[in-house]
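Computed from the coordinates by the stated procedures, all read-outs in this text should not be read as laboratory data. No experiment lies behind these values; they were computed from the predicted model shown. Here the Cβ is made from the backbone with ideal geometry for all residues, glycine too, and neighbour counts use every protein chain on show.
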Amino acid sequence: MNTAKANRNEEGMSPAEVIIPAAVGVGIAAAAAAVLIFIVGAAVYATSDPNRFVTPSALFILAASSFVAGFVSSKKSGAFLPGLIAGTALMLLIFAASLISGGHGVIPAPYSYLVRLGGFILSILGAFLASRRGGAKFSSSPKVPKIKKR
């Protein structure tokens, strides 16, 4: 018996149908970020002044991977909620990595929080765009009955 379908309520998706696409989206976004680090890093290193382009290229990689996390999660599930969860998970992973590394890098503290919030918003945008194409639902939103006219 399929436990994902057995735990489903009549209005929404089961927890497995939400968490698994979100985890896949975060994994694909992390892989995309790793690939982009090498590609963009090689391009930046080839310039005459690589130090000037490190921060903009890091922000580009963060934005692209955040968008990919939301987009892939929502596209895989057909709903908006997994993309929202993937964006939240990716933002928390980036926040934990910055705490482990001991700081905010070259961006001062208040602005680094805004950068993380921007990444979260881009993942929500990706989730929204992916969920709109398939006519997807929010996931666990209840069905509203139609009002009959007399």
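What about Thr55, is it loosely packed, with under 14 Cβ neighbours inside 10 Å and in contact (Cβ under 8 Å) with a residue 40 or more places away in the chain?
Here the answer is yes, as Thr55 does meet what is asked.
Give the number of residues within the range 76-129 that are surrounded by fewer than 13 Cβ atoms within 10 Å (Cβ to Cβ) and either of a type in the set (Val, Ile, Thr) or in contact with a strand residue (DSSP E or B) (Cβ under 6 Å, 6 or more places away or on another chain) (or both).
So the count comes out to 2.
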